[in-house]
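Okay, structure first, notes after.
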Amino acid sequence: MGSIETTLPTPRMNQGANNERIDRRTALAALAGLAASAIGARLEARPESAMHTRKIPSTGEALPVIGVGTWQTFDIGRDRGELDQRRAVLQVLFDAGGRMIDSSPMYGRAEATVGALLAEMGAREKAYLATKVWTSGEAAGLAQMAQSAERLQSPTIDLMQVHNLVDWRTHLKSLRAGKAEGRFRHIGITHYTPSAFGDLMSIMQSERIDFVQLPYSLAVRDAEARLLPLAVERGIAVIPNRPFDGANMFQRVKGKPLPDFAAEIDATSFGQIFLKYLLGHPAITCVIPGTSKAQNMRDNVAAGYGRLPDDDMRRHIAKWWQSL
């Protein structure tokens, strides 16, 4: 438990929206309090423990495996109560050792909210900031990326991505130039639907990128067949978006008991099972479930600790899910 880095065997070659639209308290019920106390007890009892990390293949930098997405959940105004709720989410993330915060100009005021809260908390150095370019044309893209840096209050963006492959050929040139100039530390591409997997694969095979972000969950496993093995082969970090299938997965397990195998992977909630299933795959670098509630963030970050499922357990979890 609490190993600094997780190393898993390379798979054989034959082998995304972060919003929670329902209140996860309904699905977690009494397990939410148990999950919150579990991570707190773990950190208190084992102060030397740390969240699992995975290396970014292109640079070798270790990145904690749990982050947070900001689609809809951080698109808020200046209401102090709303801001304090999101500040609490970020504080839980940082206290647990997480770093990645993923955003986009598409997400309304999310970038500005993140930037303001990080400045208020004095926590920019704790964060791994990921955002995207989501427009057409070189000039428009450069202007949008500059605006993102201003909103995030950070001249350097840790990961700049082409959102949903919009005008990707144009923007990848700008991303490479920005990386060479030190404005971006890593670059990547994203999409939210499996229908784009053909295009993602083509780019992964032909272009030098650091990250790919794609939809992957127990409910949507299409990426396992070709995308994830290709990412391992090409040395590309993977960020699953929609790890809870837009929160739909919690409806499927509502009212059901936690399966016995959860204890074998140190999971105390369905959400942790869902995240640990993803993290059990060696291609996955960091998951970014979105939430506006600190209690849900506590549950999410707990998935970054303890045992992760091996290949046999992942197959068992997949069969369990299909049987529901």
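Values in this text are rule-based calculations from the coordinates and carry no lab data. All values derive from a computational prediction rather than experimental measurement. Note that we place each Cβ from the backbone using ideal geometry, even for glycine, and neighbour counts take in every protein chain shown.
What the table shows:
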item: Inter-label distance, nm, simple model (7 Å from Cα along the C-beta direction), Gln91/Ala62; result: 2.7 nm
item: Inter-site label distance for Lys179 and Ala140 at 7 Å from Cα along Cβ, in nm; result: 2.4 nm
item: Electrostatic dipole magnitude of region 200-261 [Cβ: Lys, Arg +1; Asp, Glu -1; Cα centre; debye, to 20]; result: 240 debye
item: Unsatisfied cross-links (Cα-Cα over 24 Å) in the set Lys276/Lys319; Lys256/Lys276; Lys55/Lys126; Lys256/Lys319; Lys55/Lys132; Lys55/Lys254; result: Lys55/Lys254
item: Cα-centred dipole magnitude for the chain, charges only on beta-carbon of K, R (+1) and D, E (-1), debye, nearest 20; result: 240 debye
item: Positive-end extreme of charge dipole, the chain - chosen from Tyr192, Ala143, Ala116 (charges on Cβ); result: Tyr192
item: Which label in [x] -0.52; [y] -0.66; [z] -0.79 gives the computed log10 I(q)/I(0) by the Debye sum over Cα atoms at q = 0.10 Å⁻¹; result: [x]
item: Region 52-153 shape via C-alpha gyration tensor axes, a/c threshold 1.5; result: oblate
item: Protection proxy ranking of 248-256, 123-131 - average other beta-carbon atoms within 10 Å, highest first; result: 123-131, 248-256
